[in-house]
Amino acid sequence: LSDILNSLMVKCPAQECNEEVSLEKYNHHVSSHKESKEALVHINKGGRPRQHLLSLTRRAQKHRLRELKIQVKEFADKEEGGDVKSVCLTLFLLALRARNEHRQADELEAIMQGRGSGLQPAVCLAIRVNTFLSCSQYHKMYRTVKAITGRQIFQPLHALRNAEKVLLPGYHPFEWQPPLKNVSSRTDVGIIDGLSGLASSVDEYPVDTIAKRFRYDSALVSALMDMEEDILEGMRSQDLDDYLNGPFTVVVKESCDGMGDVSEKHGSGPAVPEKAVRFSFTVMRITIEHGSQNVKVFEEPKPNSELCCKPLCLMLADESDHETLTAILSPLIAEREAMKGSELILEMGGIPRTFKFIFRGTGYDEKLVREVEGLEASGSVYICTLCDATRLKP
């Protein structure tokens with residue numbers, strides 16, 4: 001068969017050459033027409049046709065691009081200090097821009113600048129909190145969006161937890177003048193046992209419950225730092241200089257209420273009381289002494305909203321259990337009393353500022369007031385659960 005093929009006569013395609021030669025001698029004849037490109041005829045040497053680069057395996061892609069890789073590396077070593085990655089990413093970015101594929105180019109540019117193509121963890125955390133999504137609901141949304149779009153627009157839960165650490169108490173340093181009585185001067189205090197600080201003796205009421213809380217002063221610092229932009233913006237809106245260091249007066253509304261039945265009916269964990277109680281606070285108003293008057297720089301527009309209510313202590317107990325509530329909350333009340341006679345020094349906007357606190361207990365519900373304070377609902381001096389208005393001074 002090869003003899004028959006080699007004996008076939010082929011006409012030379014070069015101009016001014018109509019010579020016919022056998023296929024066996026064709027290559028030798030074409031070499032005499034090196035100056036003429038028209039003499040080149042593609043001859044299938046056998047094997048598979050050349051596949052598209054993106055359809056090849058990684059190993060084949062590396063083999064195909066070997067020469068280009070060597071050239072890029074030489075350029076990177078010479079011009080970019082050996083940064084091959086930035087050279088390749090920039091080449092890709094230029095190629096996308098040249099083809100008007102700007103959306104992909106923007107995403108690539110965001111990745112190159114370290115921003116990523118998705119939302120920041122802190123933004124995702126804000127979305128989860130403001131839409132009242134539980135962790136499981138957020139995770140379901142995260143998986144669904146990732147599966148449908150093929151892109152990680154939302155960040156996974158562990159990234160949100162890391163972002164949350166900045167917002168939790170125990171992150172910002174602060175100081176009290178004079179130092180708080182019977183309270184540690186450490187500022188890196190996060191979640192602690194709700195029963196810590198409780199002096200127990202044989203004769204006292206036995207407290208058999210689970211409670212978790214923040215230290216009161218640390219939680220107040222965290223709340224103020226969350227409001228840093230609002231406070232500075234409030235000062236600017238009142239034509240006050242940003243560098244004023246106070247003293248600021250902060251009015252805090254305290255709240256305490258039962259959360260109802262929270263027992264796990266089908267769980268196999270430890271037996272716990274069926275009800276829970278939450279003690280929390282809201283920063284209602286912040287004023288600053290300027291000259292001879294107090295200027296208001298912040299006021300909570302929605303004082304009854306869950307978004308401005310800061311949980312301070314969560315306990316598994318019944319709100320009617322007066323003894324247990326008193327025992328658990330007594331360390332908190334002691335910390336609050338210590339803060340009344342001291343001033344907080346906290347760096348905000350790069351300047352140490354001074355804060356004084358006024359506490360109003362207007363967020364207790366009527367049943368709790370009757371139980372703890374011994375007052376009838378109609379006998380309370382407060383007439384509003386949203387502010388500190390009383391019958392004596394509306």
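The values are calculated or read from the model by the stated rules, or taken from the named source; none is laboratory data. The model shown is predicted, which means the values in this text are computed figures rather than measured ones. Quick reminder, even Gly has a Cβ in these numbers, built from the backbone with ideal geometry, and neighbours come from all protein chains shown. Keep in mind that these areas ignore ligands, DNA and RNA; they rest on the heavy atoms of the full protein, side chains included. Shrake-Rupley method; radii C 1.70, N 1.55, O 1.52, S 1.80 Å.
Summary table below
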{"item": "Selection within the stretch 274-285 - touching an Asp or Glu at 6+ places or on another chain (Cβ under 8 Å) and either at pLDDT 95 or above or in a strand (DSSP E or B) (or both)", "result": "275, 277, 278, 279, 280, 281, 282, 283, 284, 285"}
{"item": "Members of the stretch 286-333 that are in contact (Cβ under 8 Å) with a residue 12 or more places away in the chain and part of a helix (DSSP H, G or I)", "result": "322, 323, 324, 325, 326, 327, 328, 329, 330, 331, 332"}
{"item": "Close pairs (7 angstrom Cβ cut-off, 6 or more residues apart or separate chains): farther than 13 Å from residue 151 by Cβ in the stretch 97-108, modelled with pLDDT of 85 or more and surrounded by 10 or more Cβ atoms within 10 Å (Cβ to Cβ) anywhere", "result": "105/93; 105/96; 105/97"}
{"item": "Residues located in the stretch 1-20, provided they are open to solvent by less than 100 Å² (accessible area, probe 1.4 Å) and modelled with pLDDT under 70", "result": "2"}
{"item": "Count of the stretch 310-341 residues which are crowded, with 19+ Cβ neighbours inside 10 Å and within 18 Å of residue 251 (Cα to Cα)", "result": "5"}
{"item": "Residue among 153, 127 that alone is not in a helix (DSSP H, G or I) and not assigned by the TED database to the domain that holds residue 305", "result": "153"}
